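No value in this document is a laboratory result; all are computed from the given coordinates. This is a predicted model, so every value here is computed, not measured. Please note: Cβ atoms are built from the backbone with ideal geometry, for glycine as well, and neighbour counts cover all protein chains shown.
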Amino acid sequence: MEKTVTIDGKEVRFKSNGATPIKYQMQFRKNFFAEILKLNKLGKLKNIDEMDDNAIDSLDFNVFYNIAWTFAKTADSSIPDPEKWLESFDEFPIFDFITELQEMIMANIQSSKKK
């Protein structure tokens, strides 16, 4: 799955494929699926727009920044490490495009098998 999102006036490509979880593991030393499942258990992935302030406070947004970087790196292998990449934006309003990331995350963990 691939999407292009405008962040701080720049077109940023996000891509997810079979290697995405491995890239995430190699960069952040954490299991991609375990991180996603923690978020999903909290019920945060499906309805982030409806979250109250307490729920937002309990959410680790670093996971979303890490996922955003991993999707961007998957789309463009030339982007720098996460910190340098994020520094290249004056603004990085994650709430403006978190829904796009959620769709890509869910595509990674949902089965395509019909029951």
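Extension gain, E87-T99: 0.36 nm per intervening residue step, less the Cα-Cα distance, totals 2.1 nm. Couplings 3J(HN,Hα) of segment 3-14, computed from phi: 9, 10, 10, 8, 10, 6, x, 10, 7, 10, 8, 10 Hz, in residue order, whole Hz [Karplus 6.51 cos²θ - 1.76 cosθ + 1.60, θ = phi - 60°; x for Gly and Pro]. Annotation for M106 and K10: the two label points, set 7 Å from Cα along the Cα-Cβ direction, are 2.8 nm apart.
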